[in-house]
1. If we only count helices (runs of 4 or more DSSP H) wholly inside the stretch 1-96, which ones have 1 or more residues that are closer than 21 Å to TYR358 by Cβ and modelled with pLDDT under 90?
2. Give the residue that is nearest to VAL317 (Cα to Cα), with candidates limited to residues of the stretch 278-291 that are surrounded by 13 or more Cβ atoms within 10 Å (Cβ to Cβ) and among the aliphatic types (A, V, I, L, M).
3. On the basis of being modelled with pLDDT under 95 and outside any loop (DSSP other than H, G, I, E, B), does ALA108 make the cut?
4. Tally time: how many residues in the stretch 123-142 are in contact (Cβ under 8 Å) with a residue 40 or more places away in the chain and crowded, with 16+ Cβ neighbours inside 10 Å?
5. Taking the stated definitions as given, is ARG185 assigned to a helix (DSSP H, G or I), modelled with pLDDT under 95 and surrounded by fewer than 22 Cβ atoms within 10 Å (Cβ to Cβ)?
6. Working carefully through the options LEU63, LEU80, find the one that is touching a residue at least 40 places away in the same chain (Cβ under 8 Å) and within 16 Å of ALA18 (Cα to Cα).
7. Does the stretch 221-232 contain any residue that is surrounded by 18 or more Cβ atoms within 10 Å (Cβ to Cβ) and in contact with a Lys or Arg (Cβ under 9 Å, 6 or more places away or on another chain)?
8. Here are some conditions: (1) within 19 Å of LEU101 (Cβ to Cβ); (2) in a strand (DSSP E or B); (3) in contact (Cβ under 8 Å) with a residue 60 or more places away in the chain. SER163 meets all but one. Which one does it not meet?
Amino acid sequence: MDMTFSAEEEAFRAEVRAWLEGAPVPDAEAPEGDLDAEVEALRHWQAQLAAARFVGVHWPEELGGRGLSWTHNFLVQLELAAARAPEVLNRIGVNLVGPTLLAHGTPAQKQRWLPAILPARELWCQLFSEPGAGSDLASLTTRARRSATGRGWVVDGQKVWSSYAQYARWGYLLARTDPDVPAQRGITAMVVDMEAAGVEVRPLRQMTGESEFNEVFLTGVAVPDDAVIGPPGQGWAIAATTLAHERGTSPRQLVVHTMLVDEMLRRARAGGGVADPVLRGRLAQAYAELTIFRLHNYRTLTDVARRGAPGPAASVVKLFWSEMSQRMHETALALLGPTAVTEPGDAEAARIVRNSLYYRAATIFAGTSEIQRNVIGERSLGLPREPRV
């Protein structure tokens, strides 16, 4: 495992930091307001980042990237989080769709879709999870059948937990195209025009009060043949590429939780929390887990540098940080006390309260903890597969 960055990587990191110091950085966790206005502000922010060539730096240069490594992209995310800058709005496109199309798309598909992703000219959403097929993705029931003309496909089904789908121009969809073969072999990956007839998006109100998640209903939606990614029936293997990128390194979470631990220690020292042996033990656990999480990130980053893509061990990072986050926020709430929600003027306390609600979903999104344990056990440790019904 490599725990250092090269001189060239450190110089690039300094370049990112210097640019951010001179840029009008919007608040990454601004209070809830008009979602339409927030999305437009984030779209403008991503366009600025893309113009400075700090979005998708690991993409090929001819497609708007810099042709750099995953490590360089990791460093960009670290510096964005440290500056409390927002994530890129089009992160489904940048982090999931882009790498998937680069690995499996045709030259025409790459030229058609990739250039508009980095500057956020066209937003993407992910249409994987369903009400009855979240982490058990192989049991999805959305169907795509050949059209009556024999050209293209017709899609019917329902998806859920699709971030920013109400603003997306394109949707990255998994649908069952062959119901007569074992579940994983009958799935096809395709791109859906979110403005096509038969697409209905319904926002879901979350416990934070925000509505970035959505349900998406697809009724007789036409998808042309040139919007299919890879061969029909090979969607499961293609989705594996996507999910590996989704669960890879988590630099933003590393910085977010480093700042959380620093804030907890500050409040504990100021408020006498260090005198409480129970709280002191929980703070020590938070600090130790943060160190372990940092090492998990470096190990995965080293693995990516050697292999070119994250492997199944990336699930360790996702599993660890999501459960760590919930424990940390419970400790933070204990430090704040029962009046934290009602005390005015404490912006950091309000941020912690909001995040404690948001991260309740961390053990669900991007694959539940149960699924991550299966991936680790079966694919990394070589344990016997779970019996299937």
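The values are calculated or read from the model by the stated rules, or taken from the named source; none is laboratory data. These figures come from a predicted structure and were not determined experimentally. Every residue, glycine among them, receives a Cβ derived from its backbone with ideal geometry; neighbour counts consider all protein chains shown.
1. Working: elements: 7-22, 35-51, 70-82.
Per the criteria, 35-51, 70-82.
2. Among them, the one singled out is LEU290.
3. Numbers: modelled with pLDDT under 95: no; outside any loop (DSSP other than H, G, I, E, B): yes.
No.
4. Counting residues in the stretch 123-142 that are in contact (Cβ under 8 Å) with a residue 40 or more places away in the chain and crowded, with 16+ Cβ neighbours inside 10 Å gives 12.
5. Details: assigned to a helix (DSSP H, G or I): yes; modelled with pLDDT under 95: yes; surrounded by fewer than 22 Cβ atoms within 10 Å (Cβ to Cβ): yes.
It is true that ARG185 is assigned to a helix (DSSP H, G or I), modelled with pLDDT under 95 and surrounded by fewer than 22 Cβ atoms within 10 Å (Cβ to Cβ).
6. Working: LEU63 fails: within 16 Å of ALA18 (Cα to Cα).
Selected residue: LEU80, the only one of LEU63, LEU80 that is touching a residue at least 40 places away in the same chain (Cβ under 8 Å) and within 16 Å of ALA18 (Cα to Cα).
7. There is no residue in the stretch 221-232 that is surrounded by 18 or more Cβ atoms within 10 Å (Cβ to Cβ) and in contact with a Lys or Arg (Cβ under 9 Å, 6 or more places away or on another chain).
8. (2)
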